[in-house]
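Notes follow once the structure below has been shown.
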Amino acid sequence: MESAQSHPNKHWYGFALSLLTAFLWGVLPVFLKLCLETMNAPTITWYRFLVAGVFVLLVLYKRRSLPNIKALNVKTKWWVLFASLLLVANYVSNVQGLNYLAPETAQVLMQLAPFLLMLGGIVFFSERLTPLELLGAIFLLIGMSLFFNERIADLFSAFNEFTLGVVVIIFAAVTWAGYALMQKPLLKLLTAKQLTLCIYAIGVIVLLPFSQPSQLLDMQTIHWLALIFCCVNTIVGYGAFTEALSVWQASKVSAVITLAPIFTFLSMAIAVELLPRHFVSTDLNVWAYIGAGIVVVGSALTSLGKNNHKR
C-alpha cells in the first residue's frame, strides 16, 4: 500500500481528509444534543473515551507500539496528566454548553479556540504575530459581535442560561487551547496515538465518579444511534485529522477545519425538518448569519497565519 507521504495527489488527499474532519466535527454537536436528552455530559464523554480508548489500544497493541510510561520522567508524567485533564475538561464543557445553547451558537463560539491558541503561542513560545493572524483576529471579533447582535444585551444584563452557556463554551475553548499548547513538547516524546491513548485512559478513570453508565438502559433507539455515532465520530474524526496532518501543511488543515460551523448550520437545518420533536429552529437574523461567516473567515486566516511564524 502506498504511503500517505508519497501519495500522488497528496494535496487533494490532505484536503479531503481535512474536509471529512470538518464535516464530522461540524455535525457532532447535533448528535450530542440528542444524547443529552437521556444522558449527562460526563457520561457521554466517558463512553466516547472508553470506546475510542479501546480502539486505539488495540491498534497500538497490534503495532507493538504501546507507550512506555515507565521510561518517562516524573515531569513528563505530570505534563501528560495535566494535558489530559485539560482535554477532559474541554470535552465535558463542550457537551455541557449544549444544555444551554443551540449547536450553531456553541460551534461559532468554539472558533475562539485558534485565536486563544495564537495568543498562547505569543505568550509561551515567543511567536510573532503575523499580519494574517492579526487580520484573522479582527475578523473573528467583528464576526462574533455581529453573530450575537441580538443577544449582547442578554449577555451583560443578567446571568441567565444563555450567559452560562456562553461562559461554559468559552471555558471549553480555553481548555482546548491550553491542551494544544501543552501537547507540543509532549509529541516529541510520544506519538500522537500514544498520547491519545494516555488521555483516553486518564479520562475514563477521572470521569467515572461523575458518570452514570446505567443511563444507557433508559435510552431509546434514536439516542442509542446518536451515542454510537458520537463514539465513532471520536475515532474517525481524530484519525482523519491526524492523517491529514501527516500529508498536508498544518496551517492548511486547520484552515479547512474552520468550515465546521457551516456543517453545523446545515445539519441543524436538516435535523429540524426530520426530527421536529427533538430540535427547534434557531432564531437568527441575517446579521447573525453574516457574522458566522466572518467568524469562519477570521478563524481560517488565523490558522493560515501560523505558517509564517518566525520562532
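I need the full set of residues from segment 199-218 which are touching a Leu at 6+ places or on another chain (Cβ under 7 Å) and modelled with pLDDT under 95, in order please. Within segment 199-218, just ILE199 meets the criteria.
Of the residues making up segment 154-186, those that are assigned to a helix (DSSP H, G or I), over 15 Å from the mean Cα position of the chain (by Cα) and of a type outside the set (S, T, N, Q) number 13.
SER126 fulfils the conditions (1) at positive phi; (2) within 20 Å of the chain's Cα centre (by Cα) except for a single criterion, (2).
Got at least one residue in segment 194-206 being touching a residue at least 12 places away in the same chain (Cβ under 8 Å) and over 15 Å from VAL54 (Cα atoms)? Yes, that holds for at least one residue. Pairs meeting the criteria (first residue in segment 74-97 and in contact (Cβ under 8 Å) with a residue 40 or more places away in the chain, second residue among the aliphatic types (A, V, I, L, M) and not in a helix (DSSP H, G or I), beta carbons under 8 Å, at least 6 apart or on different chains) are THR76/LEU189; VAL80/LEU72; VAL80/LEU190; ASN94/MET110; VAL95/LEU36.
Picking from residues in segment 151-186 that are out of contact with any helix residue (DSSP H, G or I) (no Cβ under 7 Å at 6 or more places or on another chain) and charged (D, E, K, R), the one that is modelled with the highest pLDDT is GLU161. For segment 114-126, filtering for residues that are touching a Lys or Arg at 6+ places or on another chain (Cβ under 8 Å), more than 26 Å from GLY293 (Cβ to Cβ) and assigned to a helix (DSSP H, G or I) leaves 2.
Checking each residue in segment 226-260 for being among the aromatic types (Phe, Trp, Tyr), assigned to a helix (DSSP H, G or I) and in contact with a Phe, Trp or Tyr (Cβ under 8 Å, 6 or more places away or on another chain) picks out only PHE229.
Each residue in segment 132-142 was checked for being among the small types (Gly, Ala, Ser) and more than 17 Å from SER254 (Cβ to Cβ), and 0 pass. Residue pairs whose Cβ atoms lie under 8 Å apart, sitting 6 or more positions apart in sequence or on different chains, and linking a residue in segment 124-137 that is over 19 Å from VAL296 (Cβ atoms) to a partner that is among the β-branched types (Val, Ile, Thr), are ARG128/ILE122; LEU129/ILE122.
Taking (1) more than 25 Å from PHE82 (Cβ to Cβ); (2) surrounded by fewer than 16 Cβ atoms within 10 Å (Cβ to Cβ) in turn, LYS188 satisfies each apart from (1). Selection over segment 233-250 of residues that are more than 16 Å from the chain's Cα centre (by Cα) and crowded, with 17+ Cβ neighbours inside 10 Å gives a count of 3. Restricted to segment 191-219, and to residues there that are hydroxyl-bearing (Ser, Thr, Tyr), assigned to a helix (DSSP H, G or I) and in contact with a helix residue (DSSP H, G or I) (Cβ under 8 Å, 6 or more places away or on another chain), the residue that is surrounded by the fewest Cβ atoms within 10 Å (Cβ to Cβ) is THR196.
The values are calculated or read from the model by the stated rules, or taken from the named source; none is laboratory data. Note that the structure is a prediction, hence the values are computed from the model and not measured. Methodologically, a virtual Cβ is constructed for each residue, glycine included, from the backbone with ideal geometry; neighbour enumeration extends over all protein chains shown.
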